[in-house]
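In what follows, a single structure is set out as structure tokens and then discussed.
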């Protein structure tokens with residue numbers, strides 16, 4: 001149709017328009033994929049945290065033993081690097097996998113003699129998980145309180161603000177279950193979320209936490 | 001006479017009515033990935049096309065869109081962009097992203113009919129084939145990946161969306177072929193010189 005020699009009146013204008021569309025489209029794709037690095041929200045969240053750590057908002061934790069502390073106080077007082085995971089106690093799907101992994105991590109931490117550097121904290125996002133439910137979950141998982149502690153956040157607003165700040169999204173699923181973006185959240189003693197690692201990579205998460213612990217001491 | 005005015009009114013008000021419905025049903029349509037991507041987004045494009053009686057393009061605007069090239073390029077980008085799971089999810093929690101979603105797809109729908117009219121069948125085929133191939137591949141990815149691509153949507157929903165994207169890609173391709181079937185039939189040679197003698 002268009003032979004290259006017969007340049008029509010609209011061809012230059014169209015070339016400009018196409019060029020403008022190409023630039024705008026590429027810019028949009030760059031923005032939407034965090035610089036062509038992420039197509040899912042979860043990978044974008046992990047990249048963002050690795051580049052800019054997130055300070056945890058104030059949240060009061062209620063432990064399986066019934067005691068209550070502020071998350072920031074708890075992390076500062078303890079002084080170890082903490083691997084935080086989010087669960088709900090009656091979970092039958094991913095949290096079961098994470099639970100088993102956490103059990104193995106607990107053993108690893110003790111076996112490597114790293115219990116003075118790294119520890120595990122599991123926070124339930126299910127308001128139904130009171131001290132009793134958490135204690136029962138702890139018994140199932142054989143938690144060693146020196147290495148692995150379980151908490152709930154009784155205040156709904158505080159709970160949601162913490163989940164929002166960390167980008168943890170909980171979606172109700174059929175049969176009373178929840179789906180959520182399960183992961184290991186590496187937190188330092190300044191209550192900052194510094195790294196997020198996939199729940200399928202417990203070894204990498206442990207290695208990362210140990211490296212941080214060495215770095216910070 | 002009466003039927004004609006009725007039809008004219010329908011043509012004029014169909015677009016705004018559909019837009020109102022889409023704005024009012026945002027929450028239920030965006031509650032699942034399938035409804036978001038395969039109901040709301042295509043309806044936004046259709047709505048853009050229906051809104052054309054309200055949009056008057058300046059005369060000579062077609063000069064910037066010879067063969068519909070600019071519109072088709074924009075369409076390829078827009079369809080790609082809104083099939084990125086993160087982009088779709090950003091539209092859920094960021095009003096700006098949702099505004100851009102509405103604006104880009106409405107504009108795309110408004111421009112496409114004119115662009116299709118101007119474009120040679122080969123140009124159309126190039127873009128349609130590209131967009132359909134991309135949509136099918138995106139759909140297969142959605143189905144194959146074991147992890148969730150959107151934190152706000154369930155994995156089953158993602159599977160269904162993937163299958164539907166593959167289906168939509170096939171349907172679009174077939175629909176285009178049916179509409180353009182006449183171009184594929186062997187045509188007797190016609191003396192063209194008289195028509196295009198310039």
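Just a few scattered comments:
- Residue count for region A:184-207, restricted to those that are part of a loop (DSSP other than H, G, I, E, B), farther than 14 Å from residue A:123 by Cβ and in contact with a strand residue (DSSP E or B) (Cβ under 9 Å, 6 or more places away or on another chain): 5
- Residue match in region B:138-156 (condition: more than 11 Å from chain A (Cβ to nearest Cβ), within 19 Å of the chain's Cα centre (by Cα), farther than 20 Å from residue B:26 by Cβ and modelled with pLDDT of 95 or more): yes
- Listed by position, the helices (runs of 4 or more DSSP H) contained in region B:4-91 that have at least 1 residues being under 27 Å from residue A:16 (Cα atoms) and more than 14 Å from chain A (Cβ to nearest Cβ) are B:41-50.
For (1) more than 21 Å from residue A:130 (Cβ to Cβ); (2) in contact (Cβ under 8 Å) with a residue 40 or more places away in the chain, each residue gets a yes or a no:
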residue: A:43; (1), (2): yes, no
residue: A:47; (1), (2): yes, no
residue: A:52; (1), (2): yes, no
residue: A:57; (1), (2): yes, yes
residue: A:60; (1), (2): no, yes
residue: A:66; (1), (2): no, yes
residue: A:69; (1), (2): no, no
residue: A:72; (1), (2): yes, yes
residue: A:81; (1), (2): yes, yes
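- Strands (runs of 3 or more DSSP E) fully within region A:81-183 counting 3 or more residues that are touching a strand residue (DSSP E or B) at 6+ places or on another chain (Cβ under 6 Å), more than 14 Å from chain B (Cβ to nearest Cβ) and under 25 Å from residue B:153 (Cα atoms): A:81-87, A:118-124
The values are calculated or read from the model by the stated rules, or taken from the named source; none is laboratory data. Since the structure is predicted, the reported quantities are computational estimates derived from the model, not experimental observations. For neighbour counting, all protein chains shown are included, and Cβ atoms are generated from backbone atoms with ideal geometry for every residue, glycine included.
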